[in-house]
Each structure stands twice: as structure tokens, then as C-alpha cells.
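Accompanying notes for the structure given below.
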Amino acid sequence: MKQQIQSALENIYISPLELCNLNCRACYTNKTKNILSNQQILDFVEKYNRFLKKDFKDTIFYDIERGDTFAEHKKFVSRNLKLKSILFCGGEVFTLPDFPDLINTLIQKDIFITIITNGTIDCINKINDPKNCQLLVSLDGPKEIHDRNRGPGNFDKTIKFIQHAQQLGFPIEIMFLITKDSYPYKGFFNVFGLPKTYLTDRKMSLSKNQLLDIKKNYQTFPNKNFGCSQLSLQSSGIITGCCESSLRLGTINDDPATYVANFIKSLSKCSICQKCNGCCDPNYLCGYKTELNLKNCQDVVQSFK
Ligand code: SF4
Ligand code: SF4
């Protein structure tokens, strides 16, 4: 678990906005108008990275293995960490005209970037170092099904975007959304042989058996064994333990020691249970408990085996 926490602190998530140029039927974001500016993000990154590199070793944290409270038992988690990567999501980050500038600055700071995008706004030629910027492009299956969810013409735009990104040398993966419409294509939908991660429809169009089939037999996000917690800065300035949880650990203005301690604490239940690789918000667990009508997270984990 310690190694996992270390990785979750060194590889973080930032959502600069929830707004999007599309209005997909299957979208579940709230589309608030919050936007983090490039300067806010850079200031956050600098403060957080400084904390990981220098201050972290002098900070005292909750002992997750003993399950003691933060105040009662004190122990270092690790030393001399470094912010290695940032995964950006939205909304659609490429609606922000100065987003490529932010990416170029962060890559210069030796941070690997991953961007989740719908692939309909092509400004990727403004990114200077494609090999250090992975693109996770959303597709919902064949053209008719994709456009039914995302609007006419968008499948073709996204395919063109992928071809352009390939020419420029970006690492690319497909985020394949499985709804009741795309489920029949689960086994053979293929875009230029690119690797795929499956996402199940959060609007619950899948039957229970379909959902279990995808979770058991395909590579999904979240992974069926979970372990997907990752310190996350939301567009509201609130910091959470992953991109999906709304459990507040602190804010962009706090001392990193505060939200990092709360993050570690959020994993304490899982560090004792260890039935899966853990979740920062096990009562929520990406909504699966509700979706499958199961009484707790342990039952969800068992159902995915
Ligand atoms: S089953 Fe639940 S409490 Fe146990 S490790 Fe997994 S998410 Fe945590
Ligand atoms: S809520 Fe839990 S399962 Fe969902 S992404 Fe976050 S850590 Fe993973």
C-alpha cells in the first residue's frame, strides 16, 4: 500500500474545467463554469512539487498500516518524492486556447502529461514534445453509435484527430465507452490497432450481466481490483482522492501537508481490509455498489472476480 500511495502522490490528476464543446447523452459531469487558469495550475504544481521534494520528509502522517489516528501515531510515509506525471481531464481541455502553452511548460519541467480528450478540437501541433504527452481519446464504438451519443460528424473528426496525432508521434490510447448500444461491439471494435481501455456507462444503460462481463473480461477504468486513487485537483479548487470521488481532502490554497495527510487517511479502511487495491472513497466506489445493488464494497469486489 505504501508504494501505491507513493505512486498516487507522484502521478496526479487535474481537471481545469468541466465545460465541453459537446453535449453527449452519456455525459455525467455537472458542467459547472469553474475554470482553473494556467497560472493557478502552475502555482499549484510548484507548491505541491516543492512539498514532495523537500518538505515531505519532515512531515508527519497518519500510520495507515496500524490504522491509528493522525494525532496519536506518527510515521513517515516516504521521502524525496517528485511529481512525475499529470493526467488532465475535463470537460474538454482543448476548448481552452492557452492549454497547449500549459502543457509545453509542464513538459519542460520534466512532467509527463496525459490528456483525456474527445478528439474534436485539433490544436495538437502546438504541443512541442509529443512523445511526452499521451492522448486518451474517447470513442463509443462505430460511427453511427458514436454520433448518436456525441452528435453527427464527431466520429469522423475524432478519427482525423487520431490520424494527425499518430503522424506527430503522440502515444495514443482509446477510451472505449460501453453503453447498451456499443456493448455488441465490445469484442471487435478496433481503431488502427490502438490499445483500448473500457469504460462502462455511468448512466447505467447496461444490464447487470453486461456490466459484470465487461468488468471481468476487459481492461477497464477503474480496474476491477481498483487501486485507482490519485491525488486530484478539481476545477472548483477542491482536492479529492481521485477524479471520480467528491470527498473533499482540502483545497488548492491549503498547505499540501493537509490534503496529503487527508488523502492517506482516506485509504485507511482499505489498508486494513485489503480485499482489493483500495479506493479513497470506498462507500462510493465509482457508484458500483448502487449500480449492482450490493450492500458494500467487498461485495462489489467479489462480484468482479
Ligand atoms: S473491498 Fe472495500 S474496504 Fe476493502 S480494500 Fe476494497 S474498497 Fe477498500
Ligand atoms: S471512486 Fe474509488 S474506484 Fe472510483 S476512481 Fe476513485 S478511487 Fe477508483
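The values are calculated or read from the model by the stated rules, or taken from the named source; none is laboratory data. Note that the coordinates shown come from a computational prediction; the quantities given were computed from them, not determined experimentally. Virtual Cβ from ideal backbone geometry, glycine too; neighbours counted across all protein chains shown. Heavy atoms of the whole protein, side chains included, go into the accessibility calculation; ligands, DNA and RNA do not. Shrake-Rupley method; radii C 1.70, N 1.55, O 1.52, S 1.80 Å.
Given a Förster radius of 35 Å and the C-beta distance between Q302 and N21 as r, what FRET efficiency does 1/(1 + (r/R0)^6) yield to the nearest 0.05?
Numbers: r = 40 Å, r/R0 = 1.15.
That pair, Q302 with N21, gives E of 0.30.
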Next on the checklist: Accessible area of region 84-184 with a 1.4 Å probe: how many percent of it is carbon plus sulfur?
Outcome noted: 50
Checklist entry - Label points 7 Å out from Cα along the Cβ direction at N253 and K208: separation in nm? => result 4.7
Checklist outcome for this item: Checking rank on 189-198, 112-121, with mean other Cβ inside 10 Å and highest first, the result is 112-121, 189-198
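Can you tell me the mean projection area, over all orientations, of the convex hull of the chain's alpha carbons? Units nm², please.
Averaged projected hull area, Cα only: 15.0 nm².
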Checklist entry - Given G250, C297, T32, which one lies farthest toward the positive end of the charge dipole of the chain, if we put +1 on the Cβ of every Lys and Arg and -1 on the Cβ of every Asp and Glu? => result C297
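Heavy atoms only, probe 1.4 angstrom, no DNA, RNA or ligands counted: give me S205, S229, S246 ranked by accessible area, highest first. If you can, show how the numbers build up before the last one.
Working: S205 40, S229 15, S246 100 Å².
The ordering from most to least exposed comes out as S246, S205, S229.
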Next on the checklist: I need to check one value: relative contact order of region 2-303, counting alpha carbon pairs closer than 8 Å and at least 6 residues apart, in percent.
Outcome noted: 19
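Determine, for each peptide in 150-159, 233-242, the mean count of other beta carbons within 10 angstrom over its residues, then list the peptides with the highest first. Could you put the intermediate results ahead of the total?
Working: 150-159: 17.5, 233-242: 22.1.
Going from most to least packed, we get 233-242, 150-159.
What number comes out for accessible area per residue over the chain if the probe is 1.4 Å? Units Å², please. Let's see the in-between values first.
Numbers: 14040 Å² over 305 residues.
Ligands and nucleic acids excluded, the result is 46 Å² per residue.
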Next on the checklist: Just to compare against my own numbers: the Cα pair-distance distribution for region 261-305, 5 Å bins, whole % per bin, please.
Outcome noted: 5, 24, 32, 22, 11, 4, 1
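So if each residue of separation counts as 0.36 nm, and I subtract the Cα-Cα distance between Y185 and N225, what length gain in nm does that give? Write down the numbers at each step before the final one.
Numbers: separation 40, 0.36 × 40 = 14.40 nm, distance 2.42 nm.
The Y185-N225 span can extend by a further 12.0 nm.
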Item to check | Theoretical FRET efficiency, 1/(1+(r/R0)^6), r = Cβ-Cβ of N217 and D122, R0 35 Å, to 0.05 | outcome: 0.55
Next on the checklist: Once you compute Rg and the Kirkwood Rh from C-alpha atoms, what is the Rg to Rh ratio for region 162-305?
Outcome noted: 1.02
Item to check | Inter-label distance, nm, simple model (7 Å from Cα along the C-beta direction), L294/K47 | outcome: 3.9
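Given the Cα-Cα distance of N38 and K131 and 0.36 nm per residue of separation, how much length would full extension add, in nm? Before the final figure, lay out the partial values.
Working: separation 93, 0.36 × 93 = 33.48 nm, distance 2.16 nm.
Going from the current span to full extension adds 31.3 nm.
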